[in-house]
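Colleague: Shown below is the structure under consideration.
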Amino acid sequence: MGKHYKLIIVGSGPSGLTAAIYAARAGLQPLIFEGAQPGGQLTTTTDIENYPGFPEGISGPELMEKMREQALRFGAESQFRMVKDVDLSQYPFRIRDDEGEGYEAEALIISTGASAKYLGLESESRLKGYGVSACATCDGFFYRDKDIVVVGGGDTALEEALYLTHFGKTVTIIHRRDEFRASKFMAKKALNHPKIRVKWDSVVEEVLGEPGPVGVTGVRIRNVKTQKTEDLPCSGFFVAIGHHPNTELFRDSLEQNETGYIITKGKSSQTSTAGVFACGDVQDPVYRQAVTAAGSGCMAAMDAERWLSEQES
Ligand SMILES: Cc1cc2nc3c(=O)[nH]c(=O)nc-3n(C[C@H](O)[C@H](O)[C@H](O)COP(=O)(O)OP(=O)(O)OC[C@H]3O[C@@H](n4cnc5c(N)ncnc54)[C@H](O)[C@@H]3O)c2cc1C
């Protein structure tokens with residue numbers, strides 16, 4: 001047994017905090033677990049130009065601080081700890097945090113997000129936010145008439161590359177094999193595009209440049225067949241090798257798809273367990289935007305509120 005809540009929200013990105021705003025205004029006094037990254041992924045970026053309501057743009061940390069303030073103003077409670085253990089086999093649901101404290105909840109909202117996979121190069125992490133990105137929709141706009149490099153060979157990588165042709169002077173795809181993993185349709189579309197070229201059988205050895213105003217200046221690639229290295233000049237370096245949803249806590253308790261995304265039913269946020277709802281990137285392998293995460297957070301709070309009311313009647 002632990003402290004009792006009507007609703008616990010796990011995760012404080014745009015989906016979790018939006019869910020908290022709606023749930024708090026509905027009088028549910030939710031507890032939000034903020035986890036290791038309070039405010040979520042957006043706190044790692046400076047310029048957000050596509051979140052409605054901010055015509056001049058807004059920094060990620062500032063936007064997330066405003067969302068948190070809004071949630072707390074209506075009575076949400078925030079806890080800067082990680083959830084370590086969740087037991088959905090009992091009701092109320094049981095939760096344990098990383099300090100060993102226990103909680104129980106009548107309903108749960110999972111908004112633990114997802115993380116982009118990166119190559120793991122030191123130069124790549126040093127230049128994140130200075131030309132290295134994992135989101136073409138978010139950052140493509142900054143590379144108008146510039147040379148862009150995309151790493152990957154699946155459908156998402158080719159979609160990102162095609163999207164980036166709207167901005168870049170050239171878009172070069174680096175792929176470690178001699179054919180794409182993507183569907184034939186996408187491969188054909190990318191290969192026929194006049195701005196796209198491909199470096200087959202190649203891996204990235206190093207991202208070149210300096211953090212700050214200089215940013216990314218190029219990439220050093222190596223052909224895995226000939227072992228020859230080559231420097232390609234570019235200003236934008238987009239990694240498109242997949243995402244990892246943060247769903248380990250629920251591996252055995254909630255239905256997930258083959259890549260670990262939580263499955264929600266129909267157009268709702270309802271998961272495979274009644275009373276447990278999911279929103280944001282943790283259940284969305286497609287859109288992965290702050291505004292879609294926030295929208296689904298609103299849905300989750302409304303679904304949870306309705307479900308809790310039904311239990312009482
Ligand atoms: C560098 C970068 C730039 C971006 N730029 C834009 C942009 O310009 N526009 C845009 O729309 N989108 C952008 N995005 C995408 C956007 O950030 C995500 O779509 C959005 O943050 C997803 O929100 P979320 O609420 O689902 O989860 P996240 O933001 O991923 O937050 C997940 C939350 O869950 C918490 N958590 C995870 N595990 C646990 C646990 N066990 N216990 C407790 N808490 C836990 C974390 O601490 C975090 O608070 C960008 C992403 C990145 C990485």
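The values are calculated or read from the model by the stated rules, or taken from the named source; none is laboratory data. Keep in mind that this is a model prediction, so the values were computed, not measured. For neighbour counting, all protein chains shown are included, and Cβ atoms are generated from backbone atoms with ideal geometry for every residue, glycine included. Accessible surface areas use protein heavy atoms only, side chains included; no ligands, DNA or RNA. Shrake-Rupley method; radii C 1.70, N 1.55, O 1.52, S 1.80 Å.
Colleague: Could you please report the charge total around Glu56, scoring K, R as +1 and D, E as -1 over all other residues with beta-carbon less than 15 angstrom from its beta-carbon? All intermediate terms of the calculation are to be shown ahead of the outcome.
Modeller: Working: positive: Lys66; negative: Asp47, Glu49, Glu62.
Within the 15 Å Cβ shell, the charges total -2.
Colleague: Sticking with this structure for a sec: In the chain, carbon and sulfur make up what percent of the accessible area (probe 1.4 Å)? Mind dumping the intermediate values first?
Modeller: Details: 7550 of 15410 Å².
C and S fraction of accessible area: 49 percent.
Colleague: Right, next: Give the distance, in whole Å, between the Cα centre of segment 207-286 and the Cα centre of segment 1-34.
Modeller: Spelled out, the Cα-based centre of one part sits 26 Å from the other.
Colleague: Then there's this: I'd like the Kirkwood hydrodynamic radius of segment 118-239, using the inverse of the mean 1/r over distinct C-alpha pairs, in Å. Write down the numbers at each step before the final one.
Modeller: Numbers: mean 1/r = 0.0711 Å⁻¹.
Final number for the Kirkwood radius of segment 118-239 is 14.1 Å.
Colleague: Can you pull the accessible area of Leu249 for me, 1.4 Å probe, Å² to the nearest 10?
Modeller: 60 Å²
Colleague: Residues of segment 221-246 with backbone nitrogen within less than 15 Å of a virtual label 7 Å along the Cα-to-Cβ line of Val203, please, listed as ranges.
Modeller: Flagged as within label range: 221-230.
Colleague: Here's another thing I want to ask about it. If N is the number of residues in the chain, what value comes out of its Cα radius of gyration divided by 2.2 N^0.38 Å? Don't skip to the end; give the middle numbers.
Modeller: Numbers: Rg = 21.3 Å, N = 313, 2.2 N^0.38 = 19.5 Å.
Normalised Cα radius of gyration, the chain: 1.09.
Colleague: Treating only the Cβ atoms of Lys and Arg (+1) and Asp and Glu (-1) as charged, compute the dipole magnitude of the chain about its Cα centre; round to the nearest 20 debye.
Modeller: Computed about the Cα centre, the dipole is about 1040 debye.
Colleague: Based on the Cβ-Cβ distance of Ala274 and Arg73, what FRET efficiency does E = 1/(1 + (r/R0)^6) give at R0 = 30 Å, to the nearest 0.05?
Modeller: Values: r = 31 Å, r/R0 = 1.02.
Taking R0 as 30 Å, the efficiency between Ala274 and Arg73 is 0.50.
Colleague: Could you work out the pair-distance distribution P(r) of segment 48-193 from its alpha-carbon pairs, with 10 angstrom bin width and percents rounded to whole numbers?
Modeller: P(r) over segment 48-193, rounded to whole percents: 9, 25, 26, 21, 16, 3.
Colleague: Lys pairs in segment 118-239, Cα-Cα under 17 Å, at least 8 apart or on separate chains: how many? Mind showing how you got there, number by number?
Modeller: Details: Lys146/Lys169; Lys146/Lys195; Lys169/Lys195; Lys169/Lys199; Lys188/Lys199; Lys189/Lys199; Lys199/Lys225; Lys199/Lys228.
Taking segment 118-239 as the scope, the lysine pair count is 8.
Colleague: A further question on this structure: For segment 196-285, treating each Cα as an identical point scatterer without solvent, what Debye log10 I(q)/I(0) comes out at q = 0.14, 0.25 1/Å?
Modeller: Taking Cα atoms of segment 196-285 as identical point scatterers yields -0.70, -1.20.
Colleague: Fully extended, how many nm does the chain gain between Val291 and Arg181 (0.36 nm per residue separation, minus their Cα-Cα distance)? Please report the intermediate quantities before stating the final value.
Modeller: Numbers: separation 110, 0.36 × 110 = 39.60 nm, distance 2.97 nm.
Gain in length upon complete extension: 36.6 nm.
Colleague: What FRET efficiency do you get for Tyr163 and Lys188 if R0 is 22 Å and r is their Cβ-Cβ distance, rounded to the nearest 0.05?
Modeller: Numbers: r = 17 Å, r/R0 = 0.76.
Here the calculated transfer efficiency is 0.85.
Colleague: Now for a separate question. Please compute the contact order of the chain in relative form: average sequence separation of alpha-carbon pairs under 8 Å and at least six residues apart, divided by the residue count, as a percent. Please report the intermediate quantities before stating the final value.
Modeller: Numbers: 733 pairs, mean separation 63.9, N = 313.
For the chain, the relative contact order is 20 percent.
Colleague: Work out Dmax and Rg for segment 66-151 from the C-alpha atoms and quote the Rg first, both in angstrom.
Modeller: Rg and Dmax of segment 66-151, Cα atoms, are 19.7, 57 Å.
Colleague: Could I ask something else about it? For the pair Asp145 and Glu230, how long in nm is the line joining their label points, each one 7 Å along Cα→Cβ?
Modeller: 2.6 nm
Colleague: Here's another thing I want to ask about it. Which Cα, out of Ser202, Ser125, Val216, lies furthest along the positive dipole direction of segment 118-239 (beta carbon charges, K/R +1, D/E -1)?
Modeller: So the residue we want is Ser202.
Colleague: Where Lys and Arg each count +1 and Asp and Glu each count -1, what net charge lies around Thr259 among other residues with Cβ under 15 Å from its Cβ?
Modeller: Once positives and negatives cancel, what remains is -2.
Colleague: Suppose all protein chains stay in the model; what accessible area per residue would a 1.4 Å probe give for the chain, in Å²? Write out the running numbers ahead of the final one.
Modeller: On the way: 15410 Å² over 313 residues.
For the chain, the per-residue accessible area is 49 Å².
Colleague: Please work out the Cα center distance from segment 55-93 to segment 136-156, rounded to the nearest Å.
Modeller: Their Cα centres are 31 Å away from one another.
Colleague: Near Ile95, within a Cβ-to-Cβ distance under 13 Å, what is the net charge of the other residues, with Lys and Arg +1 and Asp and Glu -1?
Modeller: Details: positive: Lys3, Arg81, Lys84, Arg94, Arg96; negative: Asp85, Asp87, Asp97, Asp98, Glu99, Glu101, Glu104, Glu106.
Net charge in that neighbourhood comes out at -3.
Colleague: Give me the one-decimal nm value for the distance between modelled label points at Glu248 and Ser309, 7 Å along each residue's Cα-to-Cβ direction.
Modeller: Modelled inter-label distance: 3.9 nm.
Colleague: Fully extended, how many nm does the chain gain between Asn257 and Lys3 (0.36 nm per residue separation, minus their Cα-Cα distance)?
Modeller: Length gained, Asn257 through Lys3: 88.2 nm.
Colleague: Using only C-alpha atoms and all pairs of different ones, pull out the Kirkwood radius for segment 142-187 in Å with one decimal. Don't skip to the answer; put the middle values down first.
Modeller: Details: mean 1/r = 0.0934 Å⁻¹.
By the Kirkwood definition, the hydrodynamic radius is 10.7 Å.
Colleague: Could you report the accessible area of Thr273 in Å², rounded to 10, computed with a 1.4 Å probe on the protein chains as they sit in the structure?
Modeller: The accessible area of Thr273 comes to roughly 30 Å².
Colleague: Leaving ligands and nucleic acids out of the surface, order His4, His193 by accessible area at 1.4 Å, largest first.
Modeller: His4, His193
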